[in-house]
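The values are calculated or read from the model by the stated rules, or taken from the named source; none is laboratory data. What you are looking at is a predicted structure, and each value in this text was computed from that prediction instead of being measured. Glycine also receives a Cβ, built like all others from the backbone with ideal geometry; neighbour counts cover every protein chain displayed. For the accessible areas, the whole protein counts, side chains as well, though only heavy atoms, and no ligand, DNA or RNA atoms are used. Shrake-Rupley method; radii C 1.70, N 1.55, O 1.52, S 1.80 Å.
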Amino acid sequence: MLFKLSFNNMRRSLRDYAIYFFTLIIGVSIFYVFNATSGQAAMMKVSASTREIIELFKMLISGTSVLVSGILGFLIVYASRFLMKRRSREFALYMTLGMSKWKISSIILMETLFAGIGSLACGLLIGVGLSQLMSALVANLFEADMTGYRFTVSGESVAKTILYFAVMYGVVVLFNGGAITKMKLIDLMNSGKRSEQVKLKNPVLCVLIFLVSTAALGFSYFKVGFRTFTLNQSDIMMYIIIGCIATFLIFWSVSGMLLRVMMSSKNLYHRGLNAFTFRQISSKINTMVFSLSIICLMLFVTICALTSAFSLRNSMNYNLNHYCPTDFEAVVVYSDDAEEKRTVSDVYADYGVNFDDYFEKSVTLGSYGSPDLTYESFFGEDCAEIKEIFPYIEFDSGIELIKSGDYNKLMEFYGLEDRTELNDDEYIVICNLQSMVEFCNKELQKNTEINVFGHTLKPKYSECRDGFVDMSAQRGNMGIIIVPDGAVDENCSAGERFFGKYNAEAAEDLDATEAFFTEKGIEVSEATEKDSNISYCMYLTRTILAAASVGLGAIATFLGLYIGLVFLIACGAILALKELSESVDSIGRYEMLRKIGAEENDISKSLFVQTGIFFLLPLLLSALHSVFGMKFAISVLSAFGTDNIMQSVISTSAVILAIYGGYFLITYFSSRGIIRDRK
């Protein structure tokens, strides 16, 4: 009988369980998708170093899943509270008819199991489908070979998902059992008769606090958005705290001003059901100031995390392909008092490495340093500001010079169209690190002349060119000056770079080739430390850069997506459940509106406006926070490339519209169903 009663209750209350199901299904599917990467990674063909990054990625996802399960567990308990409250009168009837609390607990337990099993099954089915799409994203991020791809279901992830949700449901069952034990018949029968009183706050105080908090917020926006590179860790933390406090105070002051502002516009306030609508909204905001502040900040984190994740995902592979167009680079930098300046290939030959055996084509590039051209002499009075941002730069050291002819040969080797043509008295600066570009442009716009080995050169352009020399997986060129070939003194060579592209044999057994150069690279670097002619020697390979930079970028992308999506679910679910609880408490008010002749369409319109403003307020303030938060993030992430930030913003907006908008629509229709129950 209890089973039949529970089953019928579930069938009858499907509308009330809509938010519960929606939250659980999305939560389960996201939980499965992000944990299923282990199975997907197993069938990918990746290098050994990339596989190590993937193992680190799996470990971090597992750790994050514990945090995610805690958030989802809280949401399930929070949703259960709403469902218990919604059914207070039903429980009162059971107790009046003589049903024991133990039997009521059994009914709730069975209903919880029905809901849990159903949503777990649906969530896993959706998660398995979405995880196949994730395979393509994972492969794209880790540059894996997907020729062996096939449809797969990760048994480990399914078991993990079931285990975590079983634990969460165990907590829910204990919570529900405890709540039923404390139930009193008189409280259940009187539930819904209590209502929140609309307390009007002191308007002068509200206006003052609003002005102070907006001024504090504006100041924080300015420092974070426009003085990014002057901030240290303590400054950033201070402005985050100011932003949090200002957010709370803005909601507190708005909750006190909103009703008075509306009441001051009598035509608007007394039109239709506006008086009722605005009082309902004011009541909700008054009782949710702290929660709205938390939700606003969580939405802010969500927007920044999702936008940054999408931006990183868009930039990583482009950066690797564009800034790392060959397989190998080795660099030798000579000591200031070097008596012998050997080439890179000669240095490696001393340790048994013949470059001709490994590279089908190669190019070398010499660098020079003029004693009259240092960072200090070039940037002048701006050095102090640059020192704050880049304290590790030795400002009395020479700026690197490269001959125009060598640079053009390297660009041809890279397969890039970038070429330079200089007159005998001209120079250009190539740079792609955004924070240094601004300083370089400032000097070039002054038409700053430089002295290179006795030659006076003037800038060809008033802005530096977007370019690079060294292999990299991101924008990291802080500035190199390209000068005419005849301007340099060959006796003042500062070092040499060697760039090579593997021949077919070396590329076919890439792991063995990489292992060989790793061993030799370490051996050469350690040995040359004792060589008085060489300051330092280093090497890079495309595989190492891809594993280190792209792999870590991929981890940041996935964690940003994982945490952002879970936060978004949490925000939508909390707002939805609060709105539904308010609807339950306000059933009597809507009955009164009908008795005095209010049309059903006007009541639905009032409910739509209430729900819309309730969802919109934290989203609007978080969007404003995000404008400056993303400006800060773009500055920090400029090395990774954030040129297509608008594309990331559109993707983030689409995700928020789908999930947050989904919660809004379900909440509105569920609330409308609740207030119509007694029509």
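When you go through GLY98, GLY148, GLY118 one by one, which is the residue that is farther than 23 Å from LEU559 by Cα, in a loop (DSSP other than H, G, I, E, B) and at pLDDT 75 or above? First the steps, then the outcome.
On the way: GLY148 fails: at pLDDT 75 or above; GLY118 fails: in a loop (DSSP other than H, G, I, E, B).
From the options GLY98, GLY148, GLY118, the qualifying one is GLY98.
Checking the condition among the aliphatic types (A, V, I, L, M) and within 29 Å of PHE390 (Cβ to Cβ), which residue from LEU249, LEU231 passes?
Selected residue: LEU231, the only one of LEU249, LEU231 that is among the aliphatic types (A, V, I, L, M) and within 29 Å of PHE390 (Cβ to Cβ).
Name the residue that is farthest from the chain's Cα centre (by Cα), counting only residues in segment 315-369 that are assigned to a helix (DSSP H, G or I) and among the polar types (S, T, N, Q).
Taking segment 315-369 and keeping what is assigned to a helix (DSSP H, G or I), we get 315-323, 344-349, 355-357.
Those left that are additionally among the polar types (S, T, N, Q): 315, 317, 319, 321, 345.
Numbers: SER315: 13, ASN317: 17, ASN319: 18, ASN321: 23, SER345: 43 Å.
If we take residues in segment 315-369 being assigned to a helix (DSSP H, G or I) and among the polar types (S, T, N, Q), then SER345 is farthest from the chain's Cα centre (by Cα).
Do we have THR528 as among the hydroxyl-bearing types (Ser, Thr, Tyr) and within 28 Å of MET316 (Cα to Cα) here? Outline the logic, then answer.
Numbers: among the hydroxyl-bearing types (Ser, Thr, Tyr): yes; within 28 Å of MET316 (Cα to Cα): no.
For THR528, the condition - among the hydroxyl-bearing types (Ser, Thr, Tyr) and within 28 Å of MET316 (Cα to Cα) - is not met.
Please find, within segment 620-664, the residue that is modelled with the lowest pLDDT out of those that are in contact with a Cys (Cβ under 8 Å, 6 or more places away or on another chain) and aliphatic (A, V, I, L, M).
Only one residue fits best here, namely ALA633.
Return the residue satisfying two criteria in turn: it lies in segment 323-348 and is buried (at least 18 other Cβ atoms within 10 Å of the Cβ) and among the hydroxyl-bearing types (Ser, Thr, Tyr), and of such residues it is farthest from SER532 (Cα to Cα).
Checked segment 323-348; the qualifying residue farthest from SER532 (Cα to Cα) is TYR323.
Return the only residue of LEU365, LEU373, LEU320 being in contact with an Asp or Glu (Cβ under 7 Å, 6 or more places away or on another chain) and surrounded by 18 or more Cβ atoms within 10 Å (Cβ to Cβ).
Numbers: LEU373 fails: in contact with an Asp or Glu (Cβ under 7 Å, 6 or more places away or on another chain); LEU320 fails: in contact with an Asp or Glu (Cβ under 7 Å, 6 or more places away or on another chain).
Only one candidate passes the filter, namely LEU365.
Taking ASP372 and the conditions (1) assigned to a loop (DSSP other than H, G, I, E, B); (2) in contact (Cβ under 8 Å) with a residue 24 or more places away in the chain; (3) within 16 Å of SER535 (Cβ to Cβ), which numbered condition does it fall short on, given that it satisfies the others?
(3)
Looking at this structure, is PHE378 under 23 Å from SER435 (Cβ atoms), more than 37 Å from the chain's Cα centre (by Cα) and at pLDDT 85 or above? Break it down into steps so the answer makes sense when it comes.
Details: under 23 Å from SER435 (Cβ atoms): yes; more than 37 Å from the chain's Cα centre (by Cα): yes; at pLDDT 85 or above: yes.
Yes, satisfied.
Regarding ILE242, is this residue surrounded by 16 or more Cβ atoms within 10 Å (Cβ to Cβ), β-branched (Val, Ile, Thr) and under 22 Å from LEU607 (Cβ atoms)?
Values: surrounded by 16 or more Cβ atoms within 10 Å (Cβ to Cβ): yes; β-branched (Val, Ile, Thr): yes; under 22 Å from LEU607 (Cβ atoms): no.
So ILE242 fails the test.
From the list LEU174, LEU163, which one is under 30 Å from THR96 (Cα atoms) and modelled with pLDDT of 75 or more?
Matching residue, one of LEU174, LEU163: LEU174.
Select from segment 476-494 the residues that are open to solvent by 30 Å² or more (accessible area, probe 1.4 Å) and touching a helix residue (DSSP H, G or I) at 6+ places or on another chain (Cβ under 9 Å) and list them in ascending order. Steps first, answer last, please.
Step one: of segment 476-494, the residues open to solvent by 30 Å² or more (accessible area, probe 1.4 Å) are 476, 478, 485-486, 489-492, 494.
Listed by number, the residues that qualify are GLY476, MET478, ASP485.
Within segment 87-120, can you find the residues that are crowded, with 18+ Cβ neighbours inside 10 Å and either of a type in the set (Asp, Glu) or in contact with a His (Cβ under 7 Å, 6 or more places away or on another chain) (or both)?
Hit for segment 87-120 is GLU111, nothing else.
I want to confirm something. Restricting to segment 236-290 and keeping residues that are among the charged types (D, E, K, R) and part of a helix (DSSP H, G or I), which single residue is nearest to SER635 (Cα to Cα)?
If we filter segment 236-290 for residues that are among the charged types (D, E, K, R), which is where we start, we get 260, 266, 271, 279, 284.
From what's left, part of a helix (DSSP H, G or I): 260, 266, 279, 284.
Values: ARG260: 41, LYS266: 47, ARG279: 43, LYS284: 38 Å.
It comes out as LYS284.
Among the residues of segment 500-508, are any of a type in the set (Gly, Ala, Ser), under 40 Å from the mean Cα position of the chain (by Cα) and assigned to a loop (DSSP other than H, G, I, E, B)?
Narrowing segment 500-508 to residues of a type in the set (Gly, Ala, Ser): 500, 504, 506-507.
Imposing the further condition that a residue be under 40 Å from the mean Cα position of the chain (by Cα) reduces the set to 500, 504, 506-507.
Those left that are additionally assigned to a loop (DSSP other than H, G, I, E, B): none.
Within segment 500-508 (the criterion being of a type in the set (Gly, Ala, Ser), under 40 Å from the mean Cα position of the chain (by Cα) and assigned to a loop (DSSP other than H, G, I, E, B)), the answer is no, since none of the residues qualifies.
Pick out the one residue from LEU416, LEU410, LEU401 that is over 24 Å from PRO371 (Cβ atoms), hydrophobic (A, V, I, L, M, F, W, C) and in contact with a Phe, Trp or Tyr (Cβ under 8 Å, 6 or more places away or on another chain). Show your work before the answer.
Numbers: LEU416 fails: in contact with a Phe, Trp or Tyr (Cβ under 8 Å, 6 or more places away or on another chain); LEU401 fails: over 24 Å from PRO371 (Cβ atoms).
Being over 24 Å from PRO371 (Cβ atoms), hydrophobic (A, V, I, L, M, F, W, C) and in contact with a Phe, Trp or Tyr (Cβ under 8 Å, 6 or more places away or on another chain) holds for just one of LEU416, LEU410, LEU401, which is LEU410.
What is the residue count in segment 495-534 for residues that are surrounded by fewer than 14 Cβ atoms within 10 Å (Cβ to Cβ) and farther than 23 Å from MET411 by Cα?
Within segment 495-534, the subset surrounded by fewer than 14 Cβ atoms within 10 Å (Cβ to Cβ) is 504-505, 507-509, 511-512, 515, 519, 522, 526, 529-530, 532.
Within this subset, residues satisfying the condition of being farther than 23 Å from MET411 by Cα are 505, 508-509, 511-512, 515, 519, 522, 526, 529-530, 532.
Residues that pass the stated criteria total 12.
Any residue that is touching a Gly at 6+ places or on another chain (Cβ under 7 Å) and either surrounded by fewer than 19 Cβ atoms within 10 Å (Cβ to Cβ) or hydroxyl-bearing (Ser, Thr, Tyr) (or both) - is there at least one of those in segment 604-627?
No: zero hits.
Answer yes or no: is there a residue in segment 263-272 that is open to solvent by 40 Å² or more (accessible area, probe 1.4 Å) and touching a Ser or Thr at 6+ places or on another chain (Cβ under 6 Å). Please lay out each step first, then the result.
Looking only at segment 263-272, we keep the residues that are open to solvent by 40 Å² or more (accessible area, probe 1.4 Å), and these are 263-268, 270-272.
Next, only the ones that are touching a Ser or Thr at 6+ places or on another chain (Cβ under 6 Å) stay: none.
Among the residues of segment 263-272, not one is open to solvent by 40 Å² or more (accessible area, probe 1.4 Å) and touching a Ser or Thr at 6+ places or on another chain (Cβ under 6 Å), which makes the answer no.
So which residues in segment 394-421 are in contact (Cβ under 8 Å) with a residue 40 or more places away in the chain and either assigned to a loop (DSSP other than H, G, I, E, B) or touching a Leu at 6+ places or on another chain (Cβ under 7 Å) (or both), if there are any at all?
Hits for segment 394-421 are GLY398, ILE399, GLU400, ILE402, SER404, ASP406, LEU410, GLY415, LEU416, ASP418, THR420.
Taking segment 422-467 as the search range and keeping residues that are outside any strand (DSSP E or B) and acidic (Asp, Glu), which one is farthest from GLY486 (Cα to Cα)?
Of all residues in segment 422-467, those outside any strand (DSSP E or B) come to 422-425, 431-449, 453-454, 460-464, 466-467.
Filter once more, keeping what is acidic (Asp, Glu): 424-425, 438, 443, 449, 463, 466.
On the way: ASP424: 7, ASP425: 10, GLU438: 29, GLU443: 24, GLU449: 17, GLU463: 23, ASP466: 24 Å.
The qualifying residue farthest from GLY486 (Cα to Cα) is GLU438.
What pairs can you find where one residue is in segment 444-455 and within 21 Å of CYS492 (Cα to Cα), the other is crowded, with 18+ Cβ neighbours inside 10 Å and of a type in the set (Phe, Trp, Tyr), and their Cβ atoms are less than 7 Å apart, with a gap of 6+ or different chains?
Close Cβ pairs (under 7 Å, with a partner that is crowded, with 18+ Cβ neighbours inside 10 Å and of a type in the set (Phe, Trp, Tyr)) amount to ILE450/PHE378; ILE450/TYR427.
Please go through segment 576-597 and give me each residue that is under 36 Å from the mean Cα position of the chain (by Cα) and either open to solvent by 10 Å² or more (accessible area, probe 1.4 Å) or farther than 29 Å from PHE22 by Cβ (or both), ordered by number. Spell out the reasoning first.
Here is the first cut: in segment 576-597, the ones under 36 Å from the mean Cα position of the chain (by Cα) are 576-583.
Correct list: LYS578, SER581, GLU582.
Which of the residues belonging to segment 514-533 are of a type in the set (Asp, Glu) and outside any helix (DSSP H, G or I)?
Within segment 514-533, the subset of a type in the set (Asp, Glu) is 514, 519, 523, 526, 529, 531.
Listed by number, the residues that qualify are GLU529, ASP531.
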